[in-house]
Amino acid sequence: MHLPPSVHVVLGPSRIIGVGIGVATLATLVIVLLLPLEGWQHAALCGLVLAWSWVAFRYGAVRRAPDAISELRLAPDLVLVVNRNDGVLVAGHVRSSTYVSSWITSIVWRPDGARFSRTCLVVPDMLPPDDFRRLRVMLRYARNALQQEDEPVSQS
C-alpha cells in the first residue's frame, strides 16, 4: 500500500487563542482582586498574572517567542518535525493523547531524546482551511492505522 505524502503547514497568528488568553487573564484578575488580601499582595499577584498572559500571548497567539513553533511537518508514520522561530528543527513522535476535532487540534508529541512530551495547539484561523483539514485527517487516520496494527488478529 502506498503512503500519503507528508503534511507541511506554516502556523500563523491566531485571534481565537488571543481572545482565549485575554478572557482567562481577565477572569483570573477578577478572582485575585476578590481575594481578601492586602494591597501589595493584590498588586504582586496581578503583576504575575499579567506577566504570564504576556508570555502566553507572545508564544501562543502571535507566535513571536523564539521557541514558538512556526512550521510543522507530519509524516504518515506520525513522525513530527517542527521548525521553531529561532531556526531550530526538532524531530519527535506524535503521542496517542493527541486530540483532533473540527475546531481545535492539540498535538501531543515527544521530541527525540526528551524526557517529557510537549503540545502544539492548532486552531482553524492559524492556517488555510485545506491545510487544517489535511493535518486533522493525517493525525486521525495515521493514529487509527497504528492502533489497528497493534491489535491482534481476531481468532474467531
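The values are calculated or read from the model by the stated rules, or taken from the named source; none is laboratory data. Quick caveat, the model's predicted, so the values are computed rather than measured. Here the Cβ positions follow ideal geometry from the backbone for every residue, glycine too, while neighbour counts run over all protein chains shown.
Odds and ends about this structure:
- Qualifying residue in the range 28-45 (condition: outside the structural domain of V122 (by TED's automatic domain parsing) and among the polar types (S, T, N, Q)): yes
- Selection within the range 91-110 - under 18 Å from L127 (Cα atoms) and within 14 Å of the chain's Cα centre (by Cα): Y99, V100, S101, W103, I104, T105, S106, I107
- Criterion applied to V30, V55, V9 was being modelled with pLDDT of 95 or more and either assigned to a loop (DSSP other than H, G, I, E, B) or buried (at least 16 other Cβ atoms within 10 Å of the Cβ) (or both), and the one residue passing it is V9.
- Residue within the range 74-90 that is surrounded by 15 or more Cβ atoms within 10 Å (Cβ to Cβ), within 14 Å of the chain's Cα centre (by Cα) and in a loop (DSSP other than H, G, I, E, B) present: no
- Yes/no for A65 being within 19 Å of D130 (Cα to Cα), out of contact with any Pro (no Cβ under 8 Å at 6 or more places or on another chain), modelled with pLDDT under 95 and surrounded by 15 or more Cβ atoms within 10 Å (Cβ to Cβ): no
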